[in-house]
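J.: For reference, the structure I am asking about is given below.
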Amino acid sequence: MSDIPPSDKSNPPIAPALFRDYQASDFETLANIRRDPLMHDMLMSIPKQTDDEAVQDWIERRRKEPGGLFRIIANAQTGAAVGFIQIGGVHHHNRIGHGGLAVSRHIQGQGLGRAAMSMIVQLGREDLGLRKLVAEIRADNFASIKLHIAAGYRIIGTMEQHFVDTKGDAHDVLILERML
């Protein structure tokens, strides 16, 4: 992947993290992620509404998705939420799921993404019995692409001008997969 620039930080150690069920005290962290326009664009998820009720509805949909999972990424020392992992869009017959994660911008670059990717792979294989994880990532989201490749994903294709961001700009999207 010669077109992926090197990271600013040279492989920080994996930060200690907990992966746990959602608690009411996590709402503000998740709401801040959900309300961050830059995060929307990079995650390719542009919510129509981000008021408290809409955010709570989104959390409940993620938590109750049939066959999927949703966990909070928490700081191991404080227990405070710093992001989330999810596996959704699970195709039960083929045992394929779409993994994803988000970490609050103020804590990015500290190894939590790597810990989260490891947990997605582990939970997908062990808890959900999946045989493959798939991810769709904006082609200019170099940090996420690098993170996924380091976790054993491979790029299998490009969807040209597939995602239109909040400014109306169209972006190519890479499709990645990882056999479990």
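The values are calculated or read from the model by the stated rules, or taken from the named source; none is laboratory data. From a predicted model like this one, the values you see are computed outputs, not experimental measurements. Cβ placement follows ideal geometry from the backbone for every residue including glycine, while neighbour counts extend to all protein chains displayed.
So that you can scan it fast, the table gives a plain yes or no per residue for (1) at pLDDT below 95; (2) outside any strand (DSSP E or B); (3) crowded, with 19+ Cβ neighbours inside 10 Å:
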{"position": "78", "(1), (2), (3)": "yes, yes, no"}
{"position": "82", "(1), (2), (3)": "no, no, yes"}
{"position": "86", "(1), (2), (3)": "no, no, yes"}
{"position": "133", "(1), (2), (3)": "no, no, yes"}
{"position": "140", "(1), (2), (3)": "no, yes, no"}
{"position": "158", "(1), (2), (3)": "no, no, no"}
{"position": "162", "(1), (2), (3)": "no, no, no"}
{"position": "167", "(1), (2), (3)": "yes, yes, no"}
{"position": "176", "(1), (2), (3)": "no, no, yes"}
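J.: Looking at the stretch 60-81, can you tell me whether even one residue there is touching a Gly at 6+ places or on another chain (Cβ under 9 Å) and on the phi > 0 side of the Ramachandran plot?
T.: yes
J.: Tell me which of these residue 103 doesn't satisfy, since it passes every other one: (1) within 19 Å of residue 47 (Cα to Cα); (2) out of contact with any His (no Cβ under 8 Å at 6 or more places or on another chain); (3) surrounded by 19 or more Cβ atoms within 10 Å (Cβ to Cβ); (4) at pLDDT 95 or above.
T.: Single failed check for residue 103: (4).
J.: Further question: With respect to residue 41, determine if the residue is modelled with pLDDT under 95, surrounded by 13 or more Cβ atoms within 10 Å (Cβ to Cβ), closer than 26 Å to residue 145 by Cβ and out of contact with any helix residue (DSSP H, G or I) (no Cβ under 8 Å at 6 or more places or on another chain).
T.: When the stated conditions are applied, residue 41 passes them.
J.: Another question, then. In the stretch 88-127, which residues are under 22 Å from residue 38 (Cα atoms), in a strand (DSSP E or B) and among the aliphatic types (A, V, I, L, M)?
T.: If the condition is that a residue be under 22 Å from residue 38 (Cα atoms), in a strand (DSSP E or B) and among the aliphatic types (A, V, I, L, M), then 101, 102, 103 are the ones that fit.
J.: Write out, first by first residue and then by second, each pair whose Cβ atoms fall under 6 Å of each other, whose residues are 6+ apart or on separate chains, and whose first residue, in the stretch 81-109, is under 12 Å from residue 124 (Cβ atoms) while the second is of a type in the set (S, T, N, Q).
T.: 100/86
J.: Being out of contact with any helix residue (DSSP H, G or I) (no Cβ under 9 Å at 6 or more places or on another chain) and either surrounded by fewer than 13 Cβ atoms within 10 Å (Cβ to Cβ) or in a loop (DSSP other than H, G, I, E, B) (or both) is the filter here, so list the residues in the stretch 29-38 that pass it.
T.: 37
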